[in-house]
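Below you'll find the structure, written out as structure tokens, and then a few comments.
Every read-out reported here was derived from the displayed coordinates using simple, explicitly stated rules and does not represent laboratory data. What you see is a predicted model; the values in this text were computed from it and never measured. When we count neighbours, we look across all protein chains shown, and the Cβ atoms used for this are built from the backbone with ideal geometry, even at glycine.
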Amino acid sequence: MIFSSKFPLDSDRWIQLQYDSYDEAVGKIVNFAQTEYLRAELVLGLKTDLGKQLPVYRFDHRTVQNVHDLMAAQFRYLYINTPTLFEGAHDQDADILAKWFNFISKELCDIAVDHPSLYRLLCTAVVYKNPDERGIEAELELHEMMGQRYSHFA
């Protein structure tokens, strides 16, 4: 995670919490994507080359760092600018992290509604990391997709 403010009034405390939980959060993003991708294969009754390589337990975090960082900024933005969205303005760190991890799953589902290729792209980026062209292309598509969704942080 790149430790940086993304909007006025961004909170260094929340950034630090997310920075400290980066590995767990990125793991949740990748695990969620893998689960949804494999579920789609089951529904369709097929097995792809990508699916045969899932699940992946060790991966280069940089392949999904941009996805994480923009989702993290969105969570902070909502938390700071819409205090009633989350109960308890003075939540303990553990409560904030629990809400952050729940937000990850919900946000991935919301993104996938508009971008059904999200899970495939995340899995492709992880399985076929740079310098593999498939992974590079997936990362570029993810970067564009997330840039459009979170253009207010660009």
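Taking trypsin sites (Lys or Arg not before Pro) across the range 10-54, the ones in a DSSP loop with at most 16 further Cβ atoms lying within 10 angstrom of their Cβ are 47. Could you give the angle, 0 to 90 degrees to the nearest 10, between helix 65-81's Cα long axis and the longest principal axis of the Cα atoms of the chain? Value to nearest ten degrees: 30. Dipole magnitude for the chain: about 280 debye, using +1 per Lys or Arg Cβ and -1 per Asp or Glu Cβ, origin at the Cα centre. When every Cα-Cα distance of the range 12-57 is counted in 5 angstrom steps from zero, the calculated P(r) takes the values 5, 20, 22, 16, 11, 9, 8, 6, 3, 0 percent.
Over all directions, the projected convex hull of the C-alpha atoms in the chain averages 9.3 nm² in area. Let me have the relative contact order for the chain, percent, based on Cα pairs under 8 Å that are six or more residues apart. 31 percent. Positive end of the charge dipole of the range 26-153 (Lys, Arg +1 and Asp, Glu -1 on Cβ, about the Cα centre): tell me which of 112, 153, 30 has its Cα farthest that way. Comparing the listed Cα positions along the dipole, 30 ranks first. The residues neighbouring residue 151, those whose beta-carbon lies less than 15 Å from its own, together hold a net charge of -1 under the Lys/Arg +1, Asp/Glu -1 convention. The long axis of helix 118-127 is offset from the longest Cα principal axis of the chain by roughly 70 degrees.
Annotation for residue 35 and residue 3: the two label points, set 7 Å from Cα along the Cα-Cβ direction, are 3.1 nm apart.
For the chain, lysine pairs separated by 8 or more sequence positions, or belonging to different chains, with Cα-Cα distances below 25 Å total 10.
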